[in-house]
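Here the structure is laid out as structure tokens; the discussion comes afterwards.
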Amino acid sequence: MHVPTLSREDLSELRALGQDLDRLTPLWYYILKEAEVMEGGRHLGPIGGRIVGEVIIGLLQLDRHSFVSVEPRWRPTLPTRSGEVTGDFRMVDFLTFAGVDPTSRGQ
């Protein structure tokens, strides 16, 4: 995946359980621990986020009625944060458009 990973030390509490779990960590535990260690528990870490994102994209691609399947070449036509329509619309642009980004809220 070419993303940062947890070290065995980050998973050291599993050593007491035996079974080499600090090296052979169950995926569900790893994802929760990654979120705790790398993101303060506020959101998923790089591996957990990637897995969730790829599952959602995969489901959209498999659904023949989804917008991704019906209009695969569609690109956003909303303006970016700078006000330009470039077709390169990112999450921060969506949050700005919706008025919920920190700048729009005066933060």
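The values are calculated or read from the model by the stated rules, or taken from the named source; none is laboratory data. Quick caveat: nothing in here was measured; it's all calculated off a predicted structure. Here the Cβ positions follow ideal geometry from the backbone for every residue, glycine too, while neighbour counts run over all protein chains shown. In case anyone asks, the SASA skips ligands and DNA or RNA and just uses the protein heavy atoms, side chains included. Shrake-Rupley method; radii C 1.70, N 1.55, O 1.52, S 1.80 Å.
Tabulated data
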quantity	calculated
Close pairs from the range 64-87: first more than 27 Å from residue 104 (Cα to Cα) and of a type in the set (A, V, I, L, M), partner open to solvent by 90 Å² or more (accessible area, probe 1.4 Å) and not in a loop (DSSP other than H, G, I, E, B), Cβ under 7 Å, at least 6 apart	68/61
Candidate set: the range 1-41, residues that are free of Cβ contacts under 8 Å to residues at least 12 places away in the same chain, in a loop (DSSP other than H, G, I, E, B) and not hydrophobic (A, V, I, L, M, F, W, C); chosen: the one surrounded by the fewest Cβ atoms within 10 Å (Cβ to Cβ)	2
Failed item, numbered, when residue 63 is tested on (1) acidic (Asp, Glu); (2) closer than 30 Å to residue 28 by Cβ; (3) under 18 Å from the mean Cα position of the chain (by Cα)	(3)
Hits in the range 76-95 (condition: over 19 Å from the mean Cα position of the chain (by Cα) and either modelled with pLDDT of 85 or more or within 20 Å of residue 53 (Cβ to Cβ) (or both))	76
Sole residue being free of Cβ contacts under 8 Å to residues at least 24 places away in the same chain, assigned to a helix (DSSP H, G or I) and under 23 Å from residue 1 (Cβ atoms), chosen from 95, 59	59
Residue under evaluation residue 85, criteria (1) open to solvent by less than 70 Å² (accessible area, probe 1.4 Å); (2) of a type in the set (A, V, I, L, M); (3) part of a loop (DSSP other than H, G, I, E, B), criterion not met	(1)
Top-ranked residue of the range 1-35 - restricted to ones that are among the acidic types (Asp, Glu) and over 19 Å from residue 53 (Cα atoms), ranked as nearest to the chain's Cα centre (by Cα)	10
The range 51-69, residues that are open to solvent by less than 90 Å² (accessible area, probe 1.4 Å) and of a type in the set (Asp, Glu)	63
